[in-house]
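The block underneath contains the structure these notes are about, expressed in structure tokens.
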Amino acid sequence: MLIKKAYKFRIYPTNEQKRQIAKTIGCSRFVFNHFLVKWNDTYKQTGKGLTYNACSAQLPQLKKELSWLKEVDSIAVQSSLRNLSDAFSRFFQKQNKAPRFKSKKHPVQSYTTKQINGNISMEGNKIKLPKLGLVRFAKSREVHGRIINATVRRNPSGKYFISILAETDIQPLAKTESAIGIDLGITDFAILSDGRKIDNNKFTSNMEKKLKREQRKLSRRALHAKNNGINLLDAKNYQKQKRYVARLYERVLNQRADFLNKLSTAIIKNHDVICIEDLNTKGMLRNHKLAKSIADVSWSSFVTKLQYKADWYGKTLVKISRWFPSSQRCSACGLHTGKKSLEVREWTCPACHMHHDRDVNASKNILAEGLRIVASA
Ligand SMILES: [Zn+2]
């Protein structure tokens, strides 16, 4: 199966490359705005818009008149036009508002260029881009497959990034004839029907503890500012700490993403059918407590990863209704033993005398329910 994957890296252009990037962004913006005016005028006069081809045919003439347009990556200029025409298509299909003029003042400035005859390629820790040549980048992982396009961005703090879209052919994984149920929790992140528990503490890293500390410091600074009658926007120490906490939070999320990638890949590799509770994301988002909010993000991102990896590798993910009473039934004999309060971590079935760990029993029930759904589908 052909899949598209996006990769994002920080790049470190030289001063000359920075000038060229600025120029390319400027030209892309100019062409976008130039044809937006024409498009709007034509629409007013005729009730119909232009087409990508009609605009594209005018580009050579425009380049003759404005020779500086020729100094930048011509594919970037072309894709800017493509963006405009796509934006209009979405507008006419009522998916979007009408395209608006691109502004120099927009916080993120970018341009996109497409892969044509090897004009974009990786060479060690450098990436080759049209008109820029080799740009040094922080290669945090390998890019697999055929590069489709690359977007160069400059953010407000003056950092440069590149997003690369690549297409790769994925082969289904070998079948294992194995199925598994997964119960998601707070103390244990995941409890598997084979009895394994993925301890949450294992991936509550030192970084996370640090984040909690720094978050408390942030609250103290907010309080301090309030007590001194200082507006939070003007409270320098508070703002500084806020930025620091935001960066830490991002790093914690990255660590978690890494962990969840490894866990989901292992599960998909080892099982053909994976049964999991369907999560109620709306209910989860209402909770603002830090520990809980990270757990929420992790759960939904875990389920998302399981879903697309199952699709990629030819495995089946079954989502069980969250109303399914997974903890009320004995997974050995099926006896309905009713609701149990959260303190009950273990119990013995009165009918078959099986001794159960609450969560493992739940994940076994999730597995049974999932297999029932698969069989009846
Ligand atoms: Zn029983």
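As an exercise: evaluate S110 against (1) closer than 24 Å to P156 by Cβ; (2) among the polar types (S, T, N, Q); (3) assigned to a helix (DSSP H, G or I) and give the number of the one condition it does not meet.
(3)
Considering every residue within segment 56-67, establish whether at least one is in contact with a Phe, Trp or Tyr (Cβ under 9 Å, 6 or more places away or on another chain) and surrounded by 19 or more Cβ atoms within 10 Å (Cβ to Cβ).
No, segment 56-67 contains no residue that is in contact with a Phe, Trp or Tyr (Cβ under 9 Å, 6 or more places away or on another chain) and surrounded by 19 or more Cβ atoms within 10 Å (Cβ to Cβ).
Restrict the check to segment 216-239 and report whether at least one residue is closer than 23 Å to S298 by Cβ, assigned to a helix (DSSP H, G or I) and aliphatic (A, V, I, L, M).
yes
Which members of segment 239-271 meet the condition of being within 12 Å of E208 (Cβ to Cβ) and basic (K, R)?
Passing the criteria: R251, R256.
Taking segment 113-133 on its own, how many of its residues are surrounded by 15 or more Cβ atoms within 10 Å (Cβ to Cβ) and part of a loop (DSSP other than H, G, I, E, B)?
Matching residues across segment 113-133 total 6.
Could you identify the single residue in L232, L218 that is touching a helix residue (DSSP H, G or I) at 6+ places or on another chain (Cβ under 7 Å), more than 20 Å from L367 (Cβ to Cβ) and without any contact (Cβ under 8 Å) to a residue 12 or more places away in the chain?
Within the list L232, L218, the selection yields L232.
Mind listing whichever residues of segment 13-70 are under 20 Å from R90 (Cα atoms), in a helix (DSSP H, G or I) and without any contact (Cβ under 8 Å) to a residue 12 or more places away in the chain?
V37, N40, D41, T42, Y43, K44, T46, N53, A54
Give the residue that is nearest to V31 (Cα to Cα), with candidates limited to residues of segment 72-102 that are in a helix (DSSP H, G or I) and among the small types (G, A, S).
Here the answer is S80.
Among the residues of segment 134-141, is any touching a Phe, Trp or Tyr at 6+ places or on another chain (Cβ under 9 Å), assigned to a strand (DSSP E or B), within 30 Å of G26 (Cα to Cα) and modelled with pLDDT under 95?
yes
Are any residues in segment 330-369 surrounded by 15 or more Cβ atoms within 10 Å (Cβ to Cβ), among the hydroxyl-bearing types (S, T, Y) and near the ligand (Cβ under 10 Å from one of its atoms), and if so, which ones?
Selection gives S331, T337.
Tally time: how many residues in segment 169-191 are small (G, A, S) and surrounded by fewer than 16 Cβ atoms within 10 Å (Cβ to Cβ)?
Total meeting the criteria: 2.
Looking only at segment 149-183, which residues are assigned to a strand (DSSP E or B) and within 17 Å of S110 (Cα to Cα)?
Those that are assigned to a strand (DSSP E or B) and within 17 Å of S110 (Cα to Cα): N149, A150, T151, V152, R153, R154, Y160, F161, I162, S163, I164, L165.
Kindly list the number of the only condition in (1) closer than 22 Å to V273 by Cα; (2) within 16 Å of the ligand (Cβ to nearest atom); (3) not aliphatic (A, V, I, L, M) that fails for K319.
(2)
Could you grab the pairs with beta carbons closer than 8 Å, sequence gap of 6+ or different chains, first residue in segment 269-280 and among the polar types (S, T, N, Q), second one in a loop (DSSP other than H, G, I, E, B)?
Qualifying pairs under 8 Å: N270/T176; N270/S178; N280/R322.
The values are calculated or read from the model by the stated rules, or taken from the named source; none is laboratory data. Just so it is clear, the structure is predicted and the values come from calculations on it, not from any experiment. A quick note on method: Cβ atoms are made from the backbone with ideal geometry, for glycine too, and the neighbour counts reach across all protein chains shown.
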